[in-house]
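These notes concern the structure reproduced below.
The values are calculated or read from the model by the stated rules, or taken from the named source; none is laboratory data. None of the values given here were measured: they were computed from a predicted structure.
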Amino acid sequence: MFEEASDADLVTLMGEEAREESAAMGRRLSLVGELCARRHPETKPPSATAPRPTP
């Protein structure tokens, strides 16, 4: 499948795939958060209840 790709090409492709995988995981976690928020609307996310730092 990758017989004609150089070592550098393989490393580049691995990096691109890792970025795509990270983006997909971010989207998945966002969906998990949305589902939790829908199932537990009375619960606020920690960022909504945490005190804000003073400048």
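Within segment 1-26, the residues that satisfy the criterion of being in a loop (DSSP other than H, G, I, E, B) and small (Gly, Ala, Ser) are ALA5, SER6.
Is it true that some residue in segment 20-38 is at pLDDT below 95 and of a type in the set (D, E, K, R)? Yes, segment 20-38 contains a residue that is at pLDDT below 95 and of a type in the set (D, E, K, R).
Restricting THR12, THR49 to residues that are of a type in the set (Ser, Thr, Tyr) and modelled with pLDDT of 95 or more narrows the list to THR12.
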